[in-house]
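The values are calculated or read from the model by the stated rules, or taken from the named source; none is laboratory data. This structure is a prediction, so every number in the text was calculated from the model and none was measured. Note that each Cβ is placed from the backbone with ideal geometry, even for glycine, and that neighbours are counted across all protein chains shown. When the accessible area is computed, the model is the full protein with side chains, heavy atoms only, and any ligands, DNA or RNA have been set aside. Shrake-Rupley method; radii C 1.70, N 1.55, O 1.52, S 1.80 Å.
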Amino acid sequence: MTKRTTTQAAAPDQHSRAASLELRGVGKRFPGLGGAAPVLAVDTVDLLARPGEFVTLIGPSGCGKSTVFNVVAGLEEPTGGEIRIGGEPLADRLGASAYMPQRDALLPWRRVIDNVTLPLELRGMSRREARGRARPLLERFGLGDFVRAWPWQLSGGMRQRVALLRTVIGDPALMLLDEPFGALDSITRADLQDWLLRAWASDDVEGVGATVLLVTHDISEAVLLSDRVYVMTPRPGRIAAVIDIGLPRPRTPELRADDAFVALERQVRHELQRAITERGEFSDQEVT
Amino acid sequence: MNTLRFRTWLPPALVLVAAVALWQLWVSAGHLDPQLVPGPWFVVWSTWDDQANLWPAIGTTTEEAVLGLLAAAAAAFVIAVAIDTWVPVRRGLYPLIIASQTIPMIALAPLVLIWWGFGLVPKIVLVALFSFFPVAVGLIQGLAATDPDSLNLLRTMRASRLALLLRVRLPSALPQFFTGLKISVTYAYGAAIVAEFVGAEQGLGLYMYSAAHAAPVATDLVFGAIVAIALLTIALFAVVAGLERVAMPWKPRG
């Protein structure tokens, strides 16, 4: 947190826009198909991310994490509760956050640089100006040699970096990262987590300093990157535990071997297992 | 790459050469009446000698085929976008478009001639009728198959419906559009010639009709026209394949 404060002081125009995110009792019920009973995907989720905080939502597959995301992004409407961005209950949330979907969703017909500039172009910036802004960032993201490459020419790790750069380039107040490294092999994933950590620690990358909501099922990733971890139960999802990650920033990859880090990992794993088994017993009772 | 290409075209070329050689041998041996089935060598030479008549015919029919394809592509584009954009249009129109394929298009040729006379227009209309369906279905399915993740991503960037169409749906539908167009190319010359059979002032259809009704019958020129149509269709197919590459530079080659 102290790091964030100094960063903000150094470049107030970049980070002053970081917005808080607050979910109060957010739930999502999908209508049943063909006369089936409605499906409760998300029960109630309460969550708070203060401006500039990195907050993670962790839970087993199918717990409704992605539904929470789509609701926050404004792609879907919640059937219950309230979502506040920057303190305001926003009815139309499209464009209020920058969204990085689970699959990179790079457009195959756009070169790397033009995938990155997409949000700027849609905002009305000229292609020339947008490219000018993207070029130095591509260098810093280690993509300098692939500016004019097509997406199919990139490795999985590079594609995710392009997708992340596309997310940060608009200097968003709030970023939603939906399992950004979930599809990668474990070596590439660890590499990208370390890289993201370093990028976050540097002062001069746009978008860094934004409030971040990350969804993952990778415990180590959650502890390494977050200020706070929310543990979700299986479907219908609700928050089972909140764990503060008090590790000081800037953090380095070497932190993974630290006793405090390992203890936090154990704590998250413990809460996760408890959330799963409790819900499991509960559903057994329902069946009998 | 080179050996791969060699392997692609060499076997069919060998089969073709063998078939033509067999045909020539069979005719030369006197098993067939050269009036009914002239040998390939004779076909090539007599068609070559008739160039003065053949070239204008090729020009006319090619114009009909190309303009008809363009008209079909334009109509398919408008209708496919409308079907993809408005659900009522989709519900009302799409089943009818599919049902319309039960009408034998050849049977429409006399009707088209009654309405538009003997000039260029009825030929373009008939070629377009033949070519419309594959292009339209390709585009409609291509637009519908757009990656929902990409669409959602652009929606979170507050992209307008027009932006979604231009930046995601249309580029994503291009491969299927070209697949449809390549199928249509193989119909285009045939459709133009059918229209010319019914009534025309010039063209390959009329050229064949005249050769078949000449006294003595000029079977060699009918064969020559058939070969010309096949070669022209291959050429048009190659042009469309070239356009496909230019339109989609992001596709890996090979």
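With all protein chains present, how much of the accessible area of chain A (probe radius 1.4 Å) comes from carbon and sulfur, to the nearest whole percent?
Roughly 52 percent of what the probe reaches on chain A is carbon or sulfur.
In the Gaussian network model of chain A, springs joining C-alpha atoms below 10 Å, which of A:L272, A:L33, A:L177 carries the largest mean-square fluctuation?
A:L33
If I ignore ligands, DNA and RNA and count only protein heavy atoms, how much of A:S66 is accessible to a 1.4 Å probe, in Å² to the nearest 10?
40
Using only C-alpha atoms and all pairs of different ones, pull out the Kirkwood radius for segment A:113-255 in Å with one decimal.
Result for segment A:113-255, one decimal place: 16.4 Å.
Of the candidates B:A225, B:A57, B:A107, which one comes out as most mobile in a Gaussian network treatment of chain B with C-alpha springs shorter than 10 Å?
B:A107
How much length is gained if the chain between A:D145 and A:L33 is pulled fully straight, taking 0.36 nm per residue apart and subtracting their Cα-Cα distance, in nm to one decimal?
That pair, A:D145 and A:L33, stretches by 35.5 nm at full extension.
Over the whole of A:96-104, what's the average partner chain Cβ count within 10 Å per residue? Rounded to a whole number, please.
Mean partner-chain Cβ count within 10 Å for A:96-104: 3.
List the residue ranges in chain B for DSSP H helices whose C-alpha atoms run 15 angstrom or more along the long axis and whose Kyte-Doolittle average is 0.5 or above.
TM-like helix candidates: B:2-28, B:51-85, B:87-99, B:120-144, B:170-198, B:219-247.
How many angstrom lie between the C-alpha centres of segment A:89-138 and segment B:1-70?
Spelled out, the Cα-based centre of one part sits 54 Å from the other.
Scale the Cα Rg of segment B:187-254 by the rule-of-thumb value 2.2 N^0.38 Å and send over the ratio, two decimals.
Taking N as the residue count of segment B:187-254, the ratio is 1.52.
Where only protein heavy atoms count, and the probe is 1.4 Å, what is the accessible area per residue for the protein assembly as shown in Å²?
Details: 26310 Å² over 542 residues.
Solvent-accessible surface per residue comes out at 49 Å².
Express the carbon and sulfur contribution to the solvent-accessible surface of segment B:137-186 as a percent, rounded to the nearest whole number, probe 1.4 angstrom. Could the numbers behind the result be given before it?
Details: 1190 of 2030 Å².
Roughly 58 percent of what the probe reaches on segment B:137-186 is carbon or sulfur.
Using 0.36 nm times the number of residues separating B:I114 and B:A74, minus their current alpha carbon distance, what extension gain do you get?
Working: separation 40, 0.36 × 40 = 14.40 nm, distance 2.43 nm.
Result for the pair: 12.0 nm of gain on full extension.
Taking the alpha carbon gyration tensor of chain A, what are the square roots of 5 times its eigenvalues, largest first, to the nearest whole Å?
Each semi-axis is the square root of five times an eigenvalue, giving 31, 23, 19 Å.
What three numbers, in Å, describe the spread of the alpha carbons of chain B along their principal axes, ordered from the longest?
For chain B, the Cα spread along each principal axis is 75, 53, 30 Å.
After finding the eigenvalues of the alpha carbon gyration tensor for the protein assembly as shown, what semi-axes result from the square roots of 5 times each, listed largest first in whole Å?
Equivalent ellipsoid semi-axes, largest first: 64, 26, 22 Å.
Hey, could you get me the Stokes-Einstein D for segment A:18-152, Kirkwood radius over alpha-carbon pairs, 37 °C and 0.692 mPa s, rounded to whole µm² s⁻¹?
189
Restricting attention to the alpha-carbon atoms of segment B:125-188, what are Rg (one decimal) and Dmax (integer), both in Å?
Just the Cα atoms of segment B:125-188 yield Rg and Dmax of 14.2, 45 Å.
Order the following by accessible area, largest value first: A:W109, B:W45. Probe radius 1.4 Å; ligands, DNA and RNA are ignored.
Listed by decreasing accessible area, they come as B:W45, A:W109.
Take chain B, connect every pair of alpha-carbon atoms lying under 10 Å apart with a spring to form a Gaussian network, then pick out the residue of B:A65, B:A228, B:A163 with the largest mean-square fluctuation.
Top of the fluctuation ranking is B:A163.
May I have the extent of the alpha carbons of segment A:28-99 along their three principal axes, as whole Å values ordered from largest to smallest?
The principal-axis extents, from largest down, are 43, 28, 20 Å.
What translational D, rounded to a whole number of µm²/s, comes out for segment B:126-254 from Stokes-Einstein when the hydrodynamic radius is the Kirkwood one over Cα pairs, at 37 °C and 0.692 mPa s?
Once the numbers are plugged in, D ends up at 189 µm²/s.
Counting other Cβ atoms within 10 Å of each Cβ, which GluC sites (Glu not before Pro) in segment B:168-254 have at most 12 and sit in a DSSP loop?
Taking segment B:168-254 and a limit of 12 other Cβ atoms within 10 Å, the loop GluC sites (Glu not before Pro) found are B:E201.
Could the peptides B:130-136, A:239-245, A:217-223 be put in order, highest first, of the mean number of other beta-carbon atoms found within 10 Å of their residues? Working shown, then result.
Working: B:130-136: 25.1, A:239-245: 16.9, A:217-223: 21.6.
Per-residue Cβ counts within 10 Å, averaged per peptide and sorted highest first, yield B:130-136, A:217-223, A:239-245.
So how do B:I106, B:I83 rank on accessible area, 1.4 Å probe, biggest first, that is with the largest at the start?
Reading off the accessible areas and sorting them downward yields B:I106, B:I83.
If you look for lysine pairs in the protein assembly as shown that are eight or more places apart or on different chains, how many of them have Cα atoms under 30 Å apart?
Details: A:K3/A:K65; A:K28/A:K65; B:K123/B:K182; B:K182/B:K251.
Lysine pairs meeting both conditions in the protein assembly as shown amount to 4.
Per-residue Cβ counts within 10 Å, from other chains only, averaged over B:151-163: what number is that?
That average works out to 6.
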